[in-house]
């Protein structure tokens with residue numbers, strides 16, 4: 001099922017030796033993995049259908065200098081599914097709850113991939129004083145699914161079929177609730193939190209010119225939502241930038257961490 005979901009997201013349908021071994025810490029709902037001795041916590045949030053394994057390439061490159069934090073959302077990996085809504089606000093609140101319960105104090109540097117990027121953006125909107133910076137990798141735009149349904153009905157029909165036939169219950173709930181709380185967020189002004197947005201350049205096999213134009217427009221719209229200097233295009237990378245171009249992700253994290261350390 002994960003391979004199918006990854007293929008879908010590669011279409012752009014939704015904008016997911018150990019020197020310091022992970023230390024499992026029990027939070028309010030699930031285990032949180034913490035790696036590294038650094039003072040700045042870097043919190044990794046995976047996309048739809050992905051667990052912590054999505055960061056297996058990147059995490060070892062960070063743990064010598066940062067406190068790298070990753071965990072499975074409810075319904076992924078060893079984390080039990082929970083009842084109730086799975087909208088971005090709920091997931092952002094759960095993430096904050098887990099961090100505090102595990103003794104990981106702010107400010108946090110948030111990194112999110114695909115739908116996980118939307119979750120981290122909402123986190124920063126809700127708790128701006130607690131977030132040191134945002135690094136978003138091919139993030140799902142707040143109006144992504146709405147726009148696809150309006151402008152790309154054939155792609156929307158494919159995704160609806162996959163949702164019905166192959167998505168897990170957890171993935172269906174997250175997919176259905178992806179815009180559930182966004183109307184209640186004040187997004188009229190750009191978020192002042194320092195941010196970097198990395199986007200992939202390699203088109204997926206089924207992306208035509210009109211789909212790419214829609215995707216590029218939504219990507220540029222992020223610059224009106226965040227205090228980012230621009231879009232960093234990762235040439236010849238697919239959707240999983242953290243796997244295909246981890247060095248570029250590390251550079252973006254280092255840039256934000258340098259600003260936080262200088263404060």
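The values are calculated or read from the model by the stated rules, or taken from the named source; none is laboratory data. Bear in mind the structure is a predicted one, so any value in this text is a computation, not a measurement. Cβ sites come from the backbone with ideal geometry, for glycine too, and all protein chains shown count toward neighbours.
The table below gives the values:
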read-out: Residues that are under 21 Å from residue 54 (Cα atoms) and assigned to a strand (DSSP E or B), drawn from segment 80-139; value: 108, 109, 110, 111, 112, 113, 133, 134, 135, 136, 137
read-out: Residue match in segment 67-74 (condition: closer than 22 Å to residue 244 by Cβ, modelled with pLDDT of 95 or more, touching a helix residue (DSSP H, G or I) at 6+ places or on another chain (Cβ under 8 Å) and surrounded by fewer than 24 Cβ atoms within 10 Å (Cβ to Cβ)); value: yes
read-out: Condition check for residue 231: crowded, with 18+ Cβ neighbours inside 10 Å, under 19 Å from the mean Cα position of the chain (by Cα) and at pLDDT 95 or above; value: no
read-out: Some residue of segment 192-215 being at negative phi, in a strand (DSSP E or B) and either modelled with pLDDT under 95 or surrounded by fewer than 18 Cβ atoms within 10 Å (Cβ to Cβ) (or both); value: yes
read-out: Residue tally, condition out of contact with any helix residue (DSSP H, G or I) (no Cβ under 9 Å at 6 or more places or on another chain) and buried (at least 19 other Cβ atoms within 10 Å of the Cβ), over segment 51-66; value: 1
